[in-house]
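The structure appears below as structure tokens.
The values are calculated or read from the model by the stated rules, or taken from the named source; none is laboratory data. This structure is a prediction, so every number in the text was calculated from the model and none was measured. FYI the Cβ positions are ideal-geometry reconstructions off the backbone, even for glycines, and counts take in every protein chain you see. Please note that ligands, DNA and RNA were not included when accessible areas were found on the heavy atoms of the full protein model with its side chains. Shrake-Rupley method; radii C 1.70, N 1.55, O 1.52, S 1.80 Å.
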Amino acid sequence: MRKPSIFKSFKNSFYGLYCIFGSERNFRIECLALIINIFLIIILKLNKTDILIILAVSFGVLVCEIFNTAIEKICDIINPNYDKRVGFIKDISAGGVLLMAAFSVIVGVFVYWKYLEKILF
């Protein structure tokens, strides 16, 4: 089988992002969190290192959500009926997203605190 052109590969990738954005509520919420972070980066004038840290954890959450959704969709194709083994797989996949989201909040508190401290105190 011949590989698709680089243009076609990018087009497929962007279509995948379009699909997950349109179908997954949590992904949209996490995108909103990314937008809020970008707003805070601009308003608080974060340094380059802090910007990279915030963007890394923000995109990390989005990537985890994409993999979680992919795992859930594969499970639904393999076994569309309820099966507690499939439920276990879905639960641990969602747990990975939860851990990354919790970590991103902790990182956000540590990074933003020094900037907010200057404004508030």
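Charged neighbours of residue 73, selected by a Cβ distance under 14 Å, balance to -3 (K, R count +1; D, E count -1). Let me know the shape class of region 1-51, please: from the alpha-carbon gyration tensor, a ≥ b ≥ c as square roots of the eigenvalues, rounded when a/c is under 1.5, otherwise prolate if a/b is greater than b/c, or oblate. In terms of gyration-tensor shape, oblate.
The longest part of the chain holding none of the exposed loop trypsin sites (Lys or Arg not before Pro), meaning those outside H, G, I, E and B in DSSP with at most 10 other Cβ atoms within 10 Å, is 46-121. A simple spin-label model places the labels of residue 13 and residue 51 2.2 nm from each other, with each point 7 Å out along Cα-to-Cβ. The simple Förster model, with R0 at 25 Å and r as the Cβ-Cβ distance, assigns residue 32 and residue 103 a FRET efficiency of 0.85. Using the Cβ-Cβ distance between residue 83 and residue 59 with R0 set to 35 Å, the FRET efficiency works out to roughly 0.60.
With contacts taken as Cα pairs under 8 Å at a separation of at least 6 residues, region 1-106 carries a relative contact order of 27 percent. A helix-only calculation puts the chain at -31000 deg cm²/dmol for mean residue ellipticity at 222 nm, using -39500 (n - 2.57) for each DSSP H run of at least four residues, averaged over all residues.
Report the residue, chosen from 96, 60, 87, that carries the largest GNM mean-square fluctuation when the chain is represented by alpha-carbon nodes joined by springs under 10 Å. Highest fluctuation among the options: 87.
Computed over every Cα-Cα pair of the chain and binned at 10 Å starting from 0, the pair-distance distribution P(r) comes out as 12, 33, 29, 19, 7, 1, 0 percent. For residue 110, the shell of other residues with beta-carbons less than 14 Å away shows a net charge of -1, using +1 for Lys and Arg and -1 for Asp and Glu. Remark: spin-label model distance residue 25-residue 67 equals 2.5 nm, labels positioned 7 Å along the Cα→Cβ axis. Accessible surface calculations at 1.4 Å, restricted to protein heavy atoms, place the chain at 76 Å² per residue.
Short to long, the 10 Å bins of the Cα pair-distance histogram for region 81-121 hold 26, 27, 20, 15, 9, 2 percent of all pairs.
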